[in-house]
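Before I ask anything, here is the structure I am working with.
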Amino acid sequence: MKVPFGRNWERSMDAELRFHLDLQIRGYMERGLSRAEAERRARQEFGTLELAKDECRDQRTAEWLNNILRDVRHACRSLRRSPGFAAAVAATLALGIGANTAIFSLIYSVLLKPLPYRAPDRIFSVETILPRQNASSSLPMRVQDYLEWRMADTAFESIAALTPAQWNLTGDGEPERLGGAVVSANFFAFLGATPERGRGFAAEEETPGKENVVVISDSLWRRRYSADPGVVGKTIMLNAIPHVVIGVAPASLLVPTGTMLHPTLAFAPRIDVWKPMAPTNEDLQGENWNFGVLVRLRKGESAVRGRQQLQAMLNRSIRATVPDFKDELMTRLAPIREIYSSKVRLRLLLIFAASGLLLLAACTNIANLFLARVAGRATELATRIALGAGRARIVSLLLMESLLLAVLGGAIGAWAGHSGVRFLVAYGPAEFGILSAPGLNLAALWFALAASVATGVVCGALPALHVWRKDAAAALQEAARSALGGRGATRLRQTLVAVEMTLGAALLASAGLLLHSFVNVMGADRGYAVERVLSVDLGLFDARYAPGPRRVVFFRELTRRIQMLPGVQAAGAIGGLPANSGTAVASQTIFYVTDSNPPAVALQRPVALIRSVTAGYFAASGATLRAGRFFGETEPVPVAIISESLAKRFWPGESMPAIVGHVFRHGDFNGPAVIVAGIVADTRPGALDRELPPEVYRPQTQRAGGAMSLVIKTAQEPAALAPAIRAEIRKMDSNLPIPAIRTMREIISQTVAERRFQMALTVLFALAALCLGAIGIYGVVSYSVACRTRDIGLRIALGAMRGDVMRWVFAIGFRPVLFGLAAGLFAAIMIGRALRGLLYGIAPTDPVSLGLVALVLLLTAALACYVPARRAAKLDPTIALRYE
């Protein structure tokens, strides 16, 4: 196939060359030679006509394109003759490139793709850093600080605030619990999001009494109201209070969910309702740190200057409330990108590194396959070189085969990666689903193309270099099989196997550390019972259940009824399950020790989680009492049960029984004194991924929370009691939504989903690398046996035992494995140090994990060597020698 002008050019070249040849013939004839002699002399001096044409073709500018097209045609014909080889290489590359493409698609969406905000690089979240604490110990903000900041002249052009909220939607179909947020009136304008229907909030709607308007999400509008355009202006009942829908948020609106904004702000997994904030005098005088604040920096302003301005105002406000406060609170600005990516960045990069190691293992395996293929074609390639083909042309042919297979594998891998992204978004952390579309993006497709070309060059480079250095005459003089088994080629193939084992050992060791850590997490003592415990989320938000006796009576009667059900051992309720990181519904307030003389503001650990509990909660949860007593049905004076770590921190040196009876305050420094009635063992979040602030449990009779979780200890499978419990709730209030009934085991499983996700992917990549390594070992050993059939037959004929032959073959396979295993374990220790923050209960040099990895690799290598070793040991020497 020629370039478009090639046919005319060939005719012109042929005519011109023949013209010059005829002219030389005529010249000899004019000198008196016969025509036959003149033609002989002219052709002898002129040379072969076709060789002259080739020399002319080489001078054409576009000849490189013809060469490429010829190489493509030749590579296609060659691969068509070896369909098994082509399929193995394409499938191996598809595995490596597909995994890397899917992970890169997520990395681009989560870590690199610009966020859908106006000038997102100028948006920051604000949090308070506690004095004398590590950088990870922080608080969100108070509403009064936000109101002061937005009125001040600072380096920020706008400031917005939001806090989690929940509402019961009733009166319009099945009762439903909706996750939402209470936000400042400028929230949508701050993000640059215009409602697709209706409008956003007005400034006057931040006034108490005028705040009963809402903006609903696009998903709620479509799911609940069938995308009815008339929903704007519709009155809906939220917590039994009429609210007017004034707008529908755009479907593309990106807002923080879960604990993205701050670890102690627990938003719902899906935000369906936004309502304007309308702080009351009580809110402005309280000490609840439960608002997230977002700021937008002015153009040309410094974030450092803005942070200092906010910090100065915050400390002035604190000192006005607490005169004895002597420390300096710090503020920290975190870029908006950190809200969505900080929790998953390390895990995502480590998964990408694991997939990269898998691709490298695939490349070394394929390079080994290509070496074997080139060795099998040694005589053919040497003949081509001897007949005049340049070494560059031979290398070009080999690289073209590698590139064709790489592009084919990359195309299959990209198609598989599309499904892989769907899987990762569906089963990965929430941040994946929020920032990533369920499919490949354009950046991922470019990555797949670049990875295909790079792997094609890498996989074909070693075989091509081997051919470049090969002496054509020596290859022609040697028998094909002896040429293939040359010492240099054997060493190169064994080196590749060692590299493959190194990569496989590093991946397996990482997977082993994560797997061992995951087992430790699942078996750890969290401070509460996990087996045979059922949890039911409820929220008494209606006006009928205003804070006070109605809530207390409801939960007291409900737990009494549930305790009477067959199979129930104990029942209670708590505001925020510790297994769910303990932040939902629990308040965060400053903690004061007040029974010292003089009263001291304890700032070493000033934040405590305040939980409301009923009297039966501790028995149902299996909490361990360290000192004092549990709550009774009624408590005449303000009392609390505190966690063990809190007691040790604030009353060091005192025994647990001596701490019982001490007095503290939380929230307002001038608030009522609370007596320590008991001390319980610390509780940990389900994922065990961070240390919680100190915990304070208050009786629900003294602190009646609306959102509570029932905790029911059963003597049987807890899920079997779900229908009976649901029926009891419906008897008490048929309009009360029941958003979730789950076993504690299910809750723990959900909280460790991120750990399990990373562990599962790493183990999957490690197993794939292990299989590739086993194939590589098997191929090298089998090939070595095939090349040395004559030597093996001669050894057996001279009296070598079968065991000796098998040991010799095993030595061939195990030598690179041992080198690779040693290097891989060293690399694994280095990787383990990087994984230190993700491990629980084990060290990066965990001997159990590393020992199991070494054992698995050695067993795999032994299995890969056994088949060719057994075949070599059973070789008939007469047949082998006759064959040779």
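The values are calculated or read from the model by the stated rules, or taken from the named source; none is laboratory data. What you see is a predicted model; the values in this text were computed from it and never measured. Using ideal geometry, Cβ is built from the backbone for each residue, glycine included, and neighbour counts are taken over all protein chains shown. Just so you know, the surface numbers come from the protein's heavy atoms only, side chains and all, with ligands and any DNA or RNA stripped out. Shrake-Rupley method; radii C 1.70, N 1.55, O 1.52, S 1.80 Å.
Hey, can you rank 626-637, 180-191 by average C-beta count inside 10 Å, highest first?
On the way: 626-637: 14.7, 180-191: 22.4.
Going by the mean number of other Cβ atoms within 10 Å, highest first, we get 180-191, 626-637.
By the gyration tensor of its Cα atoms, with a ≥ b ≥ c the square roots of the eigenvalues, what is the shape of the range 99-241: rounded for a/c under 1.5, prolate for a/b over b/c, or oblate? Provide the component values of the computation, followed by the final result.
Working: a/c = 1.75, a/b = 1.23, b/c = 1.42.
Judged from the Cα gyration tensor, the range 99-241 comes out oblate (a/c at least 1.5, b/c at or above a/b).
State to the nearest 20 debye the size of the charge dipole of the range 92-247 about its Cα centre, where the only charges are +1 on K and R beta carbons and -1 on D and E beta carbons.
Values: 14 positive and 16 negative charges, 75 e Å.
For this selection, approximately 360 debye.
Looking at the range 701-741, I'd like the Rg to Rh ratio, where Rg is from alpha-carbon atoms and Rh is Kirkwood's inverse mean 1/r.
Looking at the range 701-741, the ratio lands at 1.00.
Could you work out how far apart the two model spin labels at LEU859 and ASP22 are, taking each label as a point 7 Å from the Cα in the direction of the beta carbon, and quote it in nm?
So the two model labels end up 8.2 nm from each other.
For ALA727 and GLU282 in one chain, what is 0.36 nm times their gap in residues minus the Cα-Cα distance, to one decimal in nm?
Numbers: separation 445, 0.36 × 445 = 160.20 nm, distance 3.80 nm.
Going from the current span to full extension adds 156.4 nm.
I would also like to ask the following. At 7 Å along the Cα-to-beta-carbon direction for both ALA416 and LEU111, put a label point, then send me their distance in nm to one decimal.
Simple spin-label model gives 2.3 nm for this pair.
Give the distance, in whole Å, between the Cα centre of the range 147-226 and the Cα centre of the range 700-722.
Cα centres, the range 147-226 to the range 700-722: 31 Å.
Rounded to the nearest 0.05, what FRET efficiency is calculated for ARG73 and ARG373 with R0 set to 25 Å and r the Cβ-Cβ distance? Write down the numbers at each step before the final one.
Values: r = 18 Å, r/R0 = 0.74.
Plugging the Cβ-Cβ distance into 1/(1 + (r/R0)^6) gives 0.85.
A follow-up question, please. Evaluate E = 1/(1 + (r/R0)^6) for SER655 and ASN212, where r is the Cβ-Cβ distance and R0 equals 41 Å; express this FRET efficiency to the nearest 0.05. List each step's numbers first, then the result.
On the way: r = 53 Å, r/R0 = 1.29.
Plugging the Cβ-Cβ distance into 1/(1 + (r/R0)^6) gives 0.20.
Hey, if you put +1 on the Cβ of every Lys and Arg and -1 on every Asp and Glu Cβ in the range 92-217, which of ALA202, ALA181, LEU169 ends up farthest toward the positive end of that dipole?
Towards the positive end, the residue furthest out is ALA181.
So, one more: Using the Karplus curve 6.51 cos²θ - 1.76 cosθ + 1.60 with θ = phi - 60°, what ³J(HN,Hα) values do you get for each residue of the range 746-763, in whole Hz, with x for Gly and Pro?
With coefficients 6.51, -1.76 and 1.60, one gets 5, 5, 4, 4, 5, 6, 9, 4, 5, 4, 5, 4, 5, 4, 5, 5, 5, 5 Hz.
Using modelled backbone amide H atoms (1.01 Å from N, in-plane), which distant-in-sequence or interchain residues come within less than 5 Å of ALA570's amide H?
Amide H neighbours of ALA570, under 5 Å, 5+ apart: LYS713.
Mind listing which GluC sites (Glu not before Pro) in the range 136-205 are in a DSSP loop and have 14 or fewer other Cβ atoms within 10 Å?
On the way: sites: GLU148, GLU157, GLU176, GLU196, GLU204, GLU205; in loops: GLU196.
For GluC sites (Glu not before Pro) across the range 136-205 that sit outside H, G, I, E and B with at most 14 neighbouring Cβ atoms in 10 Å, the list reads GLU196.
Give the ranking of VAL499, VAL421 by solvent-accessible surface, highest area first, calculated with a 1.4 Å probe. Spell out each step's value before the answer.
On the way: VAL499 60, VAL421 0 Å².
Sorted by accessible area, descending: VAL499, VAL421.
Let me ask you something else. Tell me, what HN-Hα J-couplings in whole Hz come from the Karplus equation 6.51 cos²θ - 1.76 cosθ + 1.60 at θ = phi - 60° for each residue of the range 651-663, using x for Gly and Pro?
Each residue of the range 651-663 in turn: 10, x, x, 9, 6, 4, x, 6, 6, 4, x, 5, 10 Hz.
Where in the range 201-298 are there trypsin sites (Lys or Arg not before Pro) that are in a DSSP coil and have at most 12 other Cβ atoms within 10 angstrom of their Cβ? Numbers along the way, then the final one.
Details: sites: LYS210, ARG222, ARG223, ARG224, LYS234, ARG270, ARG296, ARG298; in loops: LYS210, LYS234, ARG270, ARG298.
Hits after loop and neighbour filter: LYS210.
Mind listing the Cα extents of the range 638-781 along all three principal axes, in Å, largest one first?
For the range 638-781, the Cα extents along the three principal axes come out at 79, 51, 31 Å.
Can you give me the solvent accessible area of ILE775 with a 1.4 Å probe, rounded to the nearest 10 Å²?
Accessible surface of ILE775 is approximately 90 Å².
Report the Cα-based extents of the range 175-320 along its three principal axes, largest first, to the nearest Å.
Extents along the principal axes, in whole Å: 50, 36, 29.
Here's something else I'd like to know. Could you rank PHE291, PHE352, PHE19 by how accessible they are, 1.4 Å probe, largest area first? Show your work: numbers first, answer last.
Numbers: PHE291 25, PHE352 55, PHE19 110 Å².
Of PHE291, PHE352, PHE19, the descending order of accessible area is PHE19, PHE352, PHE291.
Moving to a separate point now. Need one value: the accessible area of CYS76 in square angstrom, 1.4 angstrom probe, rounded to the nearest 10.
60 Å²
Show the residues, 5+ positions off or on another chain, whose built amide H is closer than 5 Å to the amide H of VAL232.
Amide H neighbours of VAL232, under 5 Å, 5+ apart: none.
Evaluate the Debye formula for the range 807-852 with equal point scatterers sitting on the alpha carbons, no solvent, and hand back log10 of I(q)/I(0) at q = 0.22 Å⁻¹, in q order, two decimals.
These q points yield log10 I(q)/I(0) values of -0.75.
Same structure, new question: Apply 1/(1 + (r/R0)^6) to the Cβ-Cβ distance of ALA454 and GLU633, taking R0 = 51 Å, and write down the FRET efficiency to the nearest 0.05. Present the calculation step by step, with values, prior to reporting the outcome.
Values: r = 71 Å, r/R0 = 1.38.
Result of the calculation: an efficiency of 0.10.
Next question, about the same structure. The range 138-178: Rg/Rh from Cα coordinates, Kirkwood Rh?
On the way: Rg = 16.8 Å, Rh = 13.4 Å.
Expressed as Rg/Rh, it is 1.25.
Could you state the per residue volume, in Å³, of the convex hull enclosing the Cα atoms of the range 793-879? Provide the component values of the computation, followed by the final result.
Details: hull volume 7.7 nm³, N = 87.
That works out to 88 Å³ per residue.
Note the full-extension length gain between GLU557 and ARG199 as 0.36 nm times their separation in residues minus their Cα-Cα distance, in nm to one decimal.
124.5 nm
Students sometimes get this wrong: rank PHE104, PHE826 by accessible area, probe 1.4 Å, all chains present, largest first.
Values: PHE104 40, PHE826 135 Å².
Ranking PHE104, PHE826 by accessible area, largest first, yields PHE826, PHE104.
Another question about this same structure. ALA189 to ALA753: extension gain in nm, 0.36 nm per residue of separation minus the Cα-Cα distance? Walk me through the numbers on the way to the answer.
Numbers: separation 564, 0.36 × 564 = 203.04 nm, distance 3.48 nm.
Extending this stretch completely gives an extra 199.6 nm.
So what's the Cα pair-distance distribution over the range 728-774, bin width 10 Å, in %?
Distribution as computed: 21, 23, 22, 15, 11, 7, 1 percent.
Here is a further query. Please report, in Å, the Rg and the Dmax of the range 711-813, where both are computed over Cα atoms only.
Values for the range 711-813 (Cα only, Rg and Dmax): 31.0, 93 Å.
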